[in-house]
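Have a look at the structure below before the remarks.
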Amino acid sequence: MIPVLYSFRRCPYAMRARLALAHAGQKVELREIVLKDKPQAFLNISPSATVPCLQLNDTVIDESLDVMVWALTQNDPDRWMAMPRTGWDWIARADGPFKNALDRTKYASRYPGSDAGEHRVIAAQFLGDLDDQITGWIFEHPTLADYAILPFVRQFAFIDKAWFDAQPWPDLQAWLRRFLDSDAFAGIMHKYPQWVEGDTPVQFP
């Protein structure tokens, strides 16, 4: 059987998993779930009960970055994995302090006592550093770092797009805009109905 991917269209973690699977040409059965109505089949196999979750014949990959690495290990036609070691540091900063600040900016009501404005400043510091690093891409060519981070920058940008566009980050903004206009992004954002047990399998990509 082909691998099964439990996904949610708008989740940035699931987006980056789908980006890597599509880039690798790794076919999966996609099961679109609704986070407020998680199917039991998904809960039975996902240790974290979060998307994405990739079910292989003999194992389950429950972390989005691990799904990306698994897919690129199968096939990496544009050498996304060929990045400097500092690429992993950029991903760690994005997944750690930046994502923490993003959540507390976007979902401030979920974090009593947090100041959304202060967290936007923290997020902006990371984005300013990233703008300084980008010259078309984070490194000389597209890598795992770009596609692991872009979905989260997208999420932050649309908290207040007018504010984001007004910031002095021309390289970062162009990098994001190129991603949003790309076939790669369009290819992972098709809308699928909620999966229920017994549905006809949906193949992705």
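The values are calculated or read from the model by the stated rules, or taken from the named source; none is laboratory data. Since the structure is predicted, the reported quantities are computational estimates derived from the model, not experimental observations. Neighbour counts are summed over all protein chains in view; Cβ atoms, including those assigned to glycine, are modelled from backbone coordinates with ideal geometry. All accessible areas refer to the heavy atoms of the entire protein, side chains included, with ligands and DNA or RNA removed. Shrake-Rupley method; radii C 1.70, N 1.55, O 1.52, S 1.80 Å.
Listed by first and then second residue, the pairs with beta-carbon distance under 7 Å, at least 6 apart or on different chains, first residue in segment 101-112 and under 18 Å from Leu127 (Cβ atoms) and at pLDDT 95 or above, second open to solvent by less than 50 Å² (accessible area, probe 1.4 Å) and assigned to a loop (DSSP other than H, G, I, E, B), are Arg104/Ser114.
When you check Asp132 against the structure, is it closer than 30 Å to Pro3 by Cβ and exposed (fewer than 15 other Cβ atoms within 10 Å of the Cβ), yes or no? Write out each step before concluding.
Values: closer than 30 Å to Pro3 by Cβ: no; exposed (fewer than 15 other Cβ atoms within 10 Å of the Cβ): yes.
No.
The lone criterion from (1) open to solvent by 30 Å² or more (accessible area, probe 1.4 Å); (2) among the aliphatic types (A, V, I, L, M); (3) under 19 Å from the mean Cα position of the chain (by Cα) left unmet by Ala108 is number (3).
Please pick out the residue among Phe156, Phe139 that is modelled with pLDDT of 95 or more, surrounded by 17 or more Cβ atoms within 10 Å (Cβ to Cβ), closer than 28 Å to Pro77 by Cβ and touching a Ser or Thr at 6+ places or on another chain (Cβ under 9 Å).
On the way: Phe156 fails: closer than 28 Å to Pro77 by Cβ.
From the options Phe156, Phe139, the qualifying one is Phe139.
Test Pro77 against the criterion of being at pLDDT below 95 and open to solvent by 30 Å² or more (accessible area, probe 1.4 Å), and give yes or no. No: the conditions fail for Pro77. For segment 41-66, residues that are more than 29 Å from Arg93 (Cβ to Cβ) and crowded, with 19+ Cβ neighbours inside 10 Å total 1.
Residues checked against (1) in contact with a strand residue (DSSP E or B) (Cβ under 9 Å, 6 or more places away or on another chain); (2) touching a residue at least 60 places away in the same chain (Cβ under 8 Å); (3) among the charged types (D, E, K, R):
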residue	(1), (2), (3)
Ala124	no, no, no
Gly128	no, no, no
Gln133	no, no, no
Pro151	no, yes, no
Ala157	no, no, no
Trp163	no, no, no
Pro168	no, no, no
Asp171	yes, no, yes
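The criterion of being surrounded by fewer than 13 Cβ atoms within 10 Å (Cβ to Cβ), under 20 Å from Gly25 (Cβ atoms), touching a helix residue (DSSP H, G or I) at 6+ places or on another chain (Cβ under 9 Å) and among the β-branched types (Val, Ile, Thr) does not hold for Thr86.
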